[in-house]
Structure formats: C-alpha cells, structure tokens
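The values are calculated or read from the model by the stated rules, or taken from the named source; none is laboratory data. Bear in mind that the values here come from a model prediction, so they are computed numbers and not experimental data. Cβ placement follows ideal geometry from the backbone for every residue including glycine, while neighbour counts extend to all protein chains displayed. What goes into the accessible areas is simple: the full protein's heavy atoms, side chains included, and nothing from ligands, DNA or RNA. Shrake-Rupley method; radii C 1.70, N 1.55, O 1.52, S 1.80 Å.
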Amino acid sequence: MGAKTTISVIKADVGSAPGHTKAPPELLDICSNILNESEKSGLLIDFYVTRCGDDIELIMTHDKGVNAEPIHALAWHTFEEAAATAEKKGYYGAGQDLLSDSFSGNIKGMGPGCAEFEIEERKSEPIVIFMMDKTEPASFNLPFYKMFADPFGTAGLVLDPKLHDGFVFRVLDVYTGKTIELKAPAELYDLLAVISIKSKFCIESVAKKSGEPAGVVSTSKLNLIAGKYVGKDDPVAIVRCQSGFPAVGEALDAFAFPYLVAGWMRGSHNGPLMPVSLKDANPTRFDGPPRVAALGFQLNDGMLEEPCDMFADPSFDHVREKANEIADYMRRHGPFQPHLLDEKDLEYTTLPQVLERLESRFK
Ligand code: F6R
Ligand code: MG
Ligand code: MG
C-alpha cells in the first residue's frame, strides 16, 4: 500500500465553438498553464487537461483530500480565466457553467461538476475517467450497474474471489438530496428498482464493503441549482480497476450497448449514448448524439502515467454504428415522445414558456 492520493476531476462548460460543439484548444491551454503553476508550487501532484464536447475536464491529483477548498478554488479560478478569454473571443456560452459571481469554499452547487475520491494507492493503481457530453449524471446508472453488479458484464464477479463480496452503491434522489446505500448482490432488486428511474435517482458512488472507493460520479444537478435551465449537467466519473475491482476491459464493456439517455438537443431528448475517442468527442448531429469518452491512467504516487484514449479502438466501431442506427430511428419521431423527454423532465427547459402562452386557450 502506498500513500493516500486524492483524484479530483472538475469540469465545466465555459464556452465553445461553434455553438455547443467543442471547447477550443486555446481554452485548454489557459487551463493547463494555470494548473502547471499549481503543480510547480506543490498544490497539485499532477494534472491532465482534456475535453469532451464543450466541456473542459481538469483531472488533478493531490494530497488534500476530497472537498478541499484550495483545490476547488483553483478549479474555479482556472475556469474563470478560461471564461474571460471565451468572452473576449465571442465563444458560445462563455462562462455558462460559472453560476456564481464569486467562489464560496466548495465548487459543488456553483455550476461545475465534480467527481473525486481519496484512495490508498495499491502497488499498481489503474483508473479510468469517463467523460460524457450532452447528457446527465444518471446516464452512468446502467454502465455502473453492469460494471459493479452484473456478472453478465463483469466476469470477475463470478471468477475472482476478491469480487465475490460485491459492492455498495450510494444512490442520490436528485430532488430531495437524500441518499440511500444499497448492497449488490444482496439487494440487487431494490437497487434496480431505484436506479432504473434515471429521471430521479442517480448513482453517486460505489465502494467495496470495506469502504474502499471503487467509483464516483459527478452529481451536481446544474439545472436544479440554477432554478432554470442553463444547459445539461454533463457528468464525469472515476473508476478504479483490476485486482478486486472490475478489469479495465470490464469497465469499458459496460458501454458496449448504446442505451437511451436523456439530453441531446436542448437537453430535451432521449438518444443513444455513443462511446467515442477523444478526437471524436464533438457532438454535431442534432447536437449529439450524447457522447462518452474514456481516458485510462496508471496512477503512481499521484502521478498520472500513460494516458490512453480507451474508446479509440475498432472493437467499439459496431457500437457506434448501432448508436447511429438508433439515432436515425429516434430522430424520425421528430418532436414526439419518447424521443422528447417526459413533461416533468422538461420543466427546466424552455418548453414551459411555450405551454404557458397557450394556457388561457384551454376551455
Ligand atoms: C444541450 C445543448 C444544446 C443547446 C442547443 C440550443 O445540452 O447544450 O443542444 O441546448 O444548441 O442552444 P441555445 O439555447 O444556446 O441556442
Ligand atoms: Mg455549451
Ligand atoms: Mg457539454
């Protein structure tokens, strides 16, 4: 066992081009330069800046623990600097995810998404960071279930005695803010009864029975924070792999089914979740379809060794083809449900304004 390391992935959309497609490289450079200074000053051990669609992802390692004010403040300040340039350059939605005028201690609830955990590094510590665009945190519900609870997905749940104890899922009710812990496999049906309702329940984290973190999802519900729709809260997740956790390949296989998730155009449509390489993480067709990219690292005393673009693999080609077929099929519904989300999920979009205008004409 090595020293304790915290991995914090903090993300925000602070401006993109054209429209909501892609965070410009220039903004990533600004972020990298700032984080580089913080690495030199010793606040960070290591960092990696990347993007998925219009979201910038700050992947940071340090020894300050979760919810550490200096780390959250650093991320906030970094996004502010990038947003200032986005504003100057007229990039679209400049500063859109920075919902507060000033930083107040913890970035959660202020707009940016945040997934982090503190772990005692094993001798060898492979992690995969999943980044989604044009969708919501609960889109991790099905793949996390497959990774950590489904033996038809993760073979190790059957084959490896170190996995037989199963995992504990912490699930958030996004409306009340309450959480529940459910054990798999002991409470599998209860777990599924809850996480299948993606519009309300969202897996927040998964741990071993010993409490060791296994996976974590960013769950800040952007649209509820702002009280009005300000863009989908595109999520990130961190997953530990191998030796008692799902193998890297088992974690990735959970995305081999392009299932329907909420988001896509105007955050108002169901569409297939398409696994893509980072270079293909540019949602264009109907602002989508929703994407997931994955970056694998080998952690070593907090250093992020050897980033690997995990979905840049032809073995995912036919998943992408299937996703395109599903996208065609869904698009043919035009404005109709179930391509369009349920009415309750459209509460924070612009649709209520349209319906309100018609209210008095109902006799
Ligand atoms: C979805 C998203 C886009 C926008 C759409 C309209 O998460 O960000 O699909 O909702 O492009 O954007 P506005 O309202 O900015 O013209
Ligand atoms: Mg955007
Ligand atoms: Mg986005």
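Given C-alpha coordinates of segment 230-321, what is the ratio Rg to Rh with the Kirkwood estimate of Rh?
1.00
Using a 1.4 Å probe on the protein heavy atoms only, what accessible surface does H318 show? Give it in Å² to the nearest 10.
120 Å²
Quick check: with the 1.4 Å probe, what order do T350, T154 take by accessible area, largest first?
So the residues, ranked largest to smallest area, are T350, T154.
Dipole of segment 122-354, Cα-centred, from +1 at each Lys and Arg C-beta and -1 at each Asp and Glu C-beta, to the nearest 20 debye?
420 debye
Using per-residue counts of other Cβ atoms within 10 Å, averaged over each peptide, order 283-289, 65-71 from highest down.
283-289, 65-71
Treating the beta-carbon of each Lys and Arg as +1 and of each Asp and Glu as -1, no other charges, what is the dipole magnitude of segment 1-120 about its Cα centre, to the nearest 20 debye?
My answer is approximately 120 debye.
Among A149, V292, G267, flag the residue with its Cα farthest along the positive direction of the charge dipole of segment 122-354, charges on Cβ as +1 for Lys/Arg and -1 for Asp/Glu.
Going by the Cα projections, it comes out as G267.
Run the helix sum for the chain: -39,500 (n - 2.57) per DSSP H stretch of 4+ residues, divided by residue count, reported at 222 nm to the nearest 500 deg cm²/dmol.
-7500 deg cm²/dmol
Would you please give the residues with an amide H less than 5 Å from that of K64, counting only those at least 5 places away or on a separate chain, with H modeled from the backbone geometry?
T6
Which peptide among 90-96, 256-262 comes first, and what is the full order, when sorted by highest mean count of other Cβ atoms within 10 Å?
256-262, 90-96
Expressed as a whole percentage, what fraction of the accessible surface of segment 24-162 belongs to carbon and sulfur atoms when a 1.4 Å probe is rolled over the protein heavy atoms?
Reported share for carbon and sulfur atoms: 51 percent.
Which whole-number percent is the relative contact order of segment 135-286 (Cα, under 8 Å, 6+ apart)?
About 25 percent, as a whole number.
Taking only Cα atoms of the chain, what ratio of Rg to Rh do you get with Rh as the Kirkwood inverse-distance radius?
Looking at the chain, the ratio lands at 0.96.
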